[in-house]
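Each remark here refers to the structure printed beneath this line.
The values are calculated or read from the model by the stated rules, or taken from the named source; none is laboratory data. It should be emphasised that the depicted structure is a prediction, and the values quoted were computed from it without experimental measurement. Cβ sites come from the backbone with ideal geometry, for glycine too, and all protein chains shown count toward neighbours. Surface accessibility is based on the protein's heavy atoms, side chains included, excluding ligands, DNA and RNA. Shrake-Rupley method; radii C 1.70, N 1.55, O 1.52, S 1.80 Å.
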Amino acid sequence: MKLNAEVDTATAAHYRVRSYPTVLVLRSDGVEIDRVVGYYRAPDFMEQVEDYLDGRNTLASMAAAESTQGSDPAFLAKLADRFFEHALYQDARTRYLRLLALDPANKSGLVDDALMSLARMSRKDKDYTAARKYAQKVLDRYPDSDNMKSAFLEVGINWKRSGDLAKALKVFVDYARKFPEDEDAPYAREQADTLAVKLGHTISVPRSLTGHTL
């Protein structure tokens with residue numbers, strides 16, 4: 001069955017669907033076995049669903065294994081991600097924070113990912129101050145992280161969501177100037193354009209390394 005979760009909001013709320021696409025694997029009585037969130041290649045998708053139907057790698061089975069594997073950063077990160085996918089944010093947050101405490105030096109390479117997940121969860125919960133805090137930690141602690149640019153934008157997004165348009169504008173302008181050729185630079189410029197109009201500011205942002213400006 002295919003549903004538009006933005007139309008059938010009651011069903012989406014019942015199953016805590018907060019991300020799209022989400023594919024629910026249900027029993028005949030409607031009880032959820034597990035879910036697949038995001039896009040996957042067909043073989044990978046089928047493997048996940050078959051695992052769920054056989055009781056493997058489900059959230060329930062992973063939660064049951066936490067007592068013996070909960071000190072392994074990789075397991076803890078995966079479990080936190082599964083709670084996140086199920087929109088069980090408090091359970092996810094607890095595991096992400098435990099991962100941060102378990103691996104303060106980020107030897108696992110998973111702490112910056114956890115911080116970004118904490119930022120996104122906080123934004124979904126409209127806690128924009130916390131979302132900025134977690135994203136800023138990525139910038140401060142792990143400037144060479146693959147998540148650095150995402151964290152940069154996350155800070156700007158949450159300044160905007162919290163209503164501080166001037167600070168949001170500065171972030172988006174800074175991003176467009178520092179990374180003019182980045183795939184997200186057009187988004188940053190668009191945000192800067194919109195905010196500048198709202199604030200009545202005149203800005204100059206490089207369109208590309210060729211020197212064209214806005």
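A few comments on the model shown:
- Across the stretch 98-112, the qualifying residues are those that are part of a loop (DSSP other than H, G, I, E, B) and aliphatic (A, V, I, L, M), and the one among them that is farthest from ARG27 (Cα to Cα) is ALA105.
- Looking only at the stretch 187-214, and only at residues there that are open to solvent by 70 Å² or more (accessible area, probe 1.4 Å) and not in a loop (DSSP other than H, G, I, E, B), the one that is modelled with the lowest pLDDT: THR213
- Checking each residue in the stretch 1-55 for being touching a residue at least 24 places away in the same chain (Cβ under 8 Å) and over 27 Å from ARG123 (Cβ atoms) picks out VAL25, ILE33, VAL49, TYR52, LEU53.
- The stretch 170-197 residues that are over 13 Å from ILE157 (Cα atoms) and without any contact (Cβ under 8 Å) to a residue 60 or more places away in the chain, paired with ones that are part of a loop (DSSP other than H, G, I, E, B) and polar (S, T, N, Q) (beta carbon under 8 Å, 6 or more apart): PRO180/SER208; GLU181/SER208; ALA196/THR202
- Flag for VAL171 being of a type in the set (Val, Ile, Thr) and open to solvent by less than 50 Å² (accessible area, probe 1.4 Å): yes
- Residue that is farthest from GLY200 (Cα to Cα) [pool: residues in the stretch 149-165 that are hydrophobic (A, V, I, L, M, F, W, C) and open to solvent by less than 40 Å² (accessible area, probe 1.4 Å)]: ALA151
- Residue in the stretch 115-126 that is out of contact with any Ser or Thr (no Cβ under 6 Å at 6 or more places or on another chain), polar (S, T, N, Q) and open to solvent by 30 Å² or more (accessible area, probe 1.4 Å) present: no
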